[in-house]
Every structure is written in C-alpha cells, then in structure tokens.
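Undergrad: Sharing a structure here in structure tokens format.
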Amino acid sequence: MAKSVDAADIEVIMREQESRFVDNLGILLEGMGESRMAGRIFAALMLAESSETSSSELARTLGISSGSVSMATRGLVARGLIERVGVPGERKIYFRVNPDANGVAEFIIEAGKQMRKIQELLDWGEELVKEKDPSVLKRFEGMREVFEFFRNELDSMMARWEEHRRKGG
C-alpha cells in the first residue's frame, strides 16, 4: 500500500525544494557576476511570506553570518534588486525585493554593458591575430558575432521593455 503523506511531510518536502531553489538561484547569479550569497539572499527574499525580512532572519534562515548578509545585501541594494526598509518601532534592518521591476531591468542592462566590453576586447583581439593562422582569426570573428548578435537583441529588448513600461504595462 502507498504511504499517505501528511502535512508535516509536505512541509519538509517544501523546505527541501525551497532550499534547492535558494541554492540554485545563488549559483545562477554567481555565474552572472553576483556573489552566490547575494543570489541566495535574493531567493530567500523572493520566497519570504512576509513583505519585509530582517537581516537577522536572513542569517538564521540561510545559516550564514550577519556579516555575510550585510555584504551581500549591500550589493543587491546597489543593483536595485532589493530595498532596505524601516519598520516602525523596530531597530532591526529589514529588506524586501524591490517591487519595481526596473531593478531587474538594470541588472540586465549591466549585463549588456559587460557584453559591449567583451565585444570591444574581441575586436582588439582580432587586430592582434590578423597575421596569425586564419583559424585563430576565425575563432575571434565567431565569438564576436555571437556577442554582437546578443548585445543587439538585448538593446532591442530593453527598448521594447521601456515602451511597455511607458504604456503602463
């Protein structure tokens, strides 16, 4: 017979799934140039049931030091992904996901700027290898083509996003 699943079992499964989500978002954002801890904190704030979460609650939930929370949240606030908020009558520091999606848009715009820098380096690299074996130049041309395509698509996508926002979408 199949074992029945009770509410306590479901809660454990959900905590495990949420823990995986937190870790995976941390790894993903780390790959995008953010710290893994910042990604984990962002994920924890996305999953939080309350609209504001204290830095001490983040530390306890993620099993990290308050210094790690402080360092990671500083970067997330600077990027516009989260906000630091006060709670009346509380001395604790609280954070929440920025309700304005422009924080995420700014993060994507920054990725586009990095693509431009990579494209400039690839252009320079092409100049450096012009006298080398044609296969070396071809490697640079192929890589530059990929970055140029995605940068142009990103620019176009961001223009459409701005239009969408202007229309109140």
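Undergrad: Based on what the data block shows, is F150 closer than 24 Å to E106 by Cβ, outside any loop (DSSP other than H, G, I, E, B) and touching a residue at least 12 places away in the same chain (Cβ under 8 Å)?
TA: Here the answer is yes, as F150 does meet what is asked.
Undergrad: Here's another thing I want to ask about it. Looking for whichever is part of a helix (DSSP H, G or I) and touching a residue at least 40 places away in the same chain (Cβ under 8 Å) here; the options are M115, M143, M158. Which one fits?
TA: After applying the criteria, what remains is M158.
Yes/no per residue for (1) crowded, with 16+ Cβ neighbours inside 10 Å; (2) among the acidic types (D, E); (3) not assigned by TED's automatic domain parsing to the domain that holds A78:
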| site | (1), (2), (3) |
| --- | --- |
| I109 | no, no, yes |
| D123 | no, yes, yes |
| L128 | no, no, yes |
| D133 | no, yes, yes |
| L137 | yes, no, yes |
| F140 | yes, no, yes |
| F149 | no, no, yes |
| E153 | no, yes, yes |
| M158 | no, no, yes |
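Undergrad: Within region 21-99, considering only helices (runs of 4 or more DSSP H) that don't extend past its boundaries, which have at least 3 residues that are surrounded by fewer than 15 Cβ atoms within 10 Å (Cβ to Cβ)?
TA: Where helices (runs of 4 or more DSSP H) fall fully within region 21-99 and carry at least 3 residues being surrounded by fewer than 15 Cβ atoms within 10 Å (Cβ to Cβ), they are 66-79.
Undergrad: For the list (1) surrounded by 11 or more Cβ atoms within 10 Å (Cβ to Cβ); (2) over 19 Å from A44 (Cα atoms), I need the number of the one condition that G103 fails.
TA: Of the numbered conditions (1) surrounded by 11 or more Cβ atoms within 10 Å (Cβ to Cβ); (2) over 19 Å from A44 (Cα atoms), the odd one out for G103 is (2).
Undergrad: Tell me, please, whether a residue that is of a type in the set (A, V, I, L, M), part of a loop (DSSP other than H, G, I, E, B) and more than 22 Å from A38 (Cβ to Cβ) can be found in region 125-139.
TA: Yes: region 125-139 contains one or more residues that are of a type in the set (A, V, I, L, M), part of a loop (DSSP other than H, G, I, E, B) and more than 22 Å from A38 (Cβ to Cβ).
Undergrad: Looking at I93, I109, which is the one that is at pLDDT below 85, under 28 Å from the mean Cα position of the chain (by Cα) and β-branched (V, I, T)?
TA: None of the others qualify; the one that does is I109.
Undergrad: Taking the stated definitions as given, is P99 out of contact with any Gly (no Cβ under 6 Å at 6 or more places or on another chain), farther than 28 Å from R165 by Cα and either assigned by TED's automatic domain parsing to the domain that holds V146 or free of Cβ contacts under 8 Å to residues at least 60 places away in the same chain (or both)?
TA: So P99 does not fit the description; no.
The values are calculated or read from the model by the stated rules, or taken from the named source; none is laboratory data. Every value quoted in this text rests on a predicted model; they were computed, and no experiment measured them. In this analysis, Cβ positions are derived from the backbone assuming ideal geometry, glycine residues included, and neighbour counts consider all displayed protein chains.
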